[in-house]
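Structure first, commentary second.
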Amino acid sequence: MSSSDEESVTPEGEDEEVTDLSNSDVCTKYQEASKIVNLCLSGLVEQCVAGAKVVDLCQFGTTIMEAAVEKLYTKQKQLEKGVAFPVCISVNDIVCNHSPLASEELDALNDGDVVKMDLGCHLDGYISVAAHTVVVGGADAYSKLDGKSNLGTVATAAYNAMLVACNTISAGNTNDAVTKAVERVAKSYGVNSISSVRMHQMKRFVLDGVKEVALRDPTPEELEEGEEKVPDCTFEQGEVYAVDVCMSSGEGKARVGAERITVYKRNVETQYKLKMKASRALLTQVDKKYPTLPFTLRDFEDERSAKMGVTECLNHGLLTPYPSLHEYDGQVAHFKCTVLLLPSGTTKVTGLPLPSYFTTDKQPDEETTAVLKAIEEQEAKKAKKKAAKKKKKKAAGGS
C-alpha cells in the first residue's frame with residue numbers, strides 16, 4: 001500500500017459525520033422535527049381559549065412534542081430527541097420567553113387576550129422552531145377589541161416580513177439584504193420591529209449560530225449607547241435558519257419584565273467550582289440533560305432547589321438567561337419559522353398561516369407586494385402539484 005493510500009484511509013468508526021443538508025438523513029430529521037413543531041403549534045392554537053392557564057398550555061405543548069418524538073427512531077436508542085426550546089406562552093404586552101412555574105401561575109386567559117406562542121423541537125440535535133400569534137376567542141373576540149386596527153396591521157406586517165425574509169434568505173445573498181427588506185415592510189405598514197430580536201443560523205445542537213440577521217439597523221443614538229451592528233455574513237447552500245420576526249405598533253423597544261426568569265441555556269465555555277449544594281445539583285442535571293439547548297426550571301422535579309441553585313450559576317456565568325420581555329408602548333405580534341437552504345432553493349418548513357381575522361387597510365410597498373404575490377403563486381403551484389399527486393395515488397390504489 002502506498003503512502004497516499006494510507007493517508008486516504010480513515011480508521012473504522014472515525015468517518016467524519018456530515019451534519020448539513022447535503023446529508024439526506026439530516027434533511028429528513030429537520031423535516032420530521034418540523035412536522036412535530038407544526039403539530040404542536042396547531043394544538044396550542046386550539047387550546048388557547050378563555051379560562052386556559054398559561055402553565056397548562058406550556059405543559060400541553062411539551063407533552064405533544066415529547067410524545068411525538070418518542071414514536072420516531074425507536075431503534076436508535078442513543079439518538080437524542082425532544083424539546084429544543086421550551087414552550088413559551090406570552091400574553092398581551094409580554095413579547096417572548098414567558099414560561100412560568102406551576103407555583104407562579106398568572107390569571108387564566110380571557111377572550112381578547114393576544115397570545116404569542118414560541119417553541120422548538122429537535123431530532124438528533126437537528127432543530128426546528130416556530131412562533132405564532134393568535135387572539136383568544138378568535139374572530140369574534142378580535143372584532144370587539146379597541147385596538148384591533150393596530151393589532152391587525154402589526155400582525156399582518158410581522159407575518160409578511162417573515163415571508164419576505166424567507167424569500168430573501170438564499171445562497172449568495174447577505175444578511176444586510178434581509179434587514180433592509182424587513183425594514184421596508186415595517187415602514188410600509190407604519191410599525192416598528194422589536195430591536196432586540198434576531199434571526200439566527202441553526203446547526204446541530206446549536207440554536208443561536210454565529211450568523212445572524214437584525215430586524216433593523218441600530219440608529220446613531222443606539223450605537224452611541226453601546227449597541228453594535230450585526231456583523232455582515234453571506235448565506236450558503238446547506239444552511240438552516242430561524243426566521244424570527246417580532247413587530248410593534250409602538251417604538252419597538254422591549255424591556256425586561258418583573259417575572260421570574262425560568263428559561264436558561266448552559267454556557268458551555270464557562271466552568272466554575274460551585275459552593276452551594278443546590279447549585280451543584282442543578283448544574284449536574286443541566287450538564288446531563290440540557291448541555292447545549294435551552295431549558296426551563298419547570299423541567300426539574302424539585303422546583304424549590306432549582307430556584308435556589310440557579311442564582312449562583314448565573315452569578316458565575318454558567319447559565320445564560322432568557323428573560324421575559326415587554327413592550328408597553330403598543331400592540332405586538334410575533335411570528336417565526338424555520339427555513340432550509342436546499343439545492344432547489346429556500347424551503348420554509350415550519351409555521352402556520354396568518355389567522356384570517358388579522359386584517360389591515362394599509363398596503364405594502366410595490367416591491368413587497370411583488371414578492372408576496374410571487375410567494376403566493378409559488379405556494380399555489382405546490383398545492384396544485386401535491387393535490388394532483390394525491391389524486392393519482394388514490395386512483396392507482398383504487399384500480
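Here is how the numbers come out for the structure above:
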read-out: Accessible surface of the chain [probe 1.4 Å, protein heavy atoms]: carbon and sulfur percent; value: 50 percent
read-out: Protection-proxy order for peptides 94-104, 360-370, each taking the mean of Cβ atoms within 10 Å per residue, highest first; value: 94-104, 360-370
read-out: Computed over the chain: relative contact order in percent, which uses C-alpha pairs under 8 Å that are six or more apart; value: 21 percent
read-out: Probe 1.4 Å, accessible area per residue of the chain, Å²; value: 51 Å²
read-out: Relative contact order (percent, whole number), the range 90-173, Cα cutoff 8 Å, 6+ residue spacing; value: 22 percent
read-out: Value of [θ]222 nm, deg cm²/dmol, for the chain, DSSP H segments ≥ 4, -39500 (n - 2.57) each, nearest 500; value: -12500 deg cm²/dmol
read-out: Cα centre as origin, Lys/Arg/Asp/Glu Cβ charges: the chain dipole, Debye; value: 1700 debye
read-out: Protection-proxy order for peptides 384-397, 296-309, each taking the mean of Cβ atoms within 10 Å per residue, highest first; value: 296-309, 384-397
read-out: Summed side-chain charge close to Ile36 - residues other than Ile36 whose Cβ falls under 10 Å, Lys, Arg +1, Asp, Glu -1; value: +1
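The values are calculated or read from the model by the stated rules, or taken from the named source; none is laboratory data. Source: prediction; values computed, not measured. Glycine gets a Cβ as well: all are built from the backbone with ideal geometry, and neighbour counts include every protein chain shown. The accessibility values were calculated without ligands, DNA or RNA, using every heavy atom of the protein model including side chains. Shrake-Rupley method; radii C 1.70, N 1.55, O 1.52, S 1.80 Å.
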